Amino acid sequence: RVVVVANPANTNCLIAAMSAEGLAKKNFSALTRLDYNRAKGQLMEHFKLNSPNDVKNVMIWGNHSSTQFPDVIDAQIRKDGTWKKVTEVATELDKKW
């Protein structure tokens, strides 16, 4: 497995993955994975879910820095066994959060 931590981490990870012909692409991860996991965890806690596996389709734009932007516009949460878009279940108070 390969973890890339030097910014621009996502770009450097892509270059490393494309240059390593003998390694599976699924074995590469960038430091932005930390930010992705953090965003999933925050949604899990906010919506009182049981597991980070109850959150999907979260995106992180940018590098691991103050310029990154967590994007939940397509995110979904599994509540009561059903997947629902965050934008559809979010209350006005949630949107301010």
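The values are calculated or read from the model by the stated rules, or taken from the named source; none is laboratory data. The model shown is predicted, which means the values in this text are computed figures rather than measured ones. Note that we place each Cβ from the backbone using ideal geometry, even for glycine, and neighbour counts take in every protein chain shown. Each accessible area value is taken on the protein alone, full model and side chains, heavy atoms only, with ligands, DNA and RNA left out. Shrake-Rupley method; radii C 1.70, N 1.55, O 1.52, S 1.80 Å.
Could you figure out which of (1) surrounded by fewer than 13 Cβ atoms within 10 Å (Cβ to Cβ); (2) on the phi > 0 side of the Ramachandran plot; (3) touching a Phe, Trp or Tyr at 6+ places or on another chain (Cβ under 9 Å) isn't true of Gly81? Of the numbered conditions (1) surrounded by fewer than 13 Cβ atoms within 10 Å (Cβ to Cβ); (2) on the phi > 0 side of the Ramachandran plot; (3) touching a Phe, Trp or Tyr at 6+ places or on another chain (Cβ under 9 Å), the odd one out for Gly81 is (3). For the condition under 30 Å from Val89 (Cβ atoms), touching a His at 6+ places or on another chain (Cβ under 8 Å) and free of Cβ contacts under 8 Å to residues at least 40 places away in the same chain, Ala30 qualifies. With a requirement of 1 or more residues that are touching an Asp or Glu at 6+ places or on another chain (Cβ under 9 Å) and either of a type in the set (S, T, N, Q) or farther than 27 Å from Val3 by Cβ (or both), the helices (runs of 4 or more DSSP H) lying completely within the range 19-97 that satisfy it span 32-46, 86-89. When the range 11-29 is filtered for residues that are open to solvent by 60 Å² or more (accessible area, probe 1.4 Å) and not acidic (Asp, Glu), the ones remaining, listed by number, are Thr11, Leu14, Ile15, Met18, Ser19, Gly22, Leu23, Lys25, Lys26.
Taking the range 44-73 as the region of interest, how many residues are closer than 28 Å to Leu14 by Cα and either open to solvent by less than 90 Å² (accessible area, probe 1.4 Å) or among the hydrophobic types (A, V, I, L, M, F, W, C) (or both)?
Residues meeting the conditions: 19.
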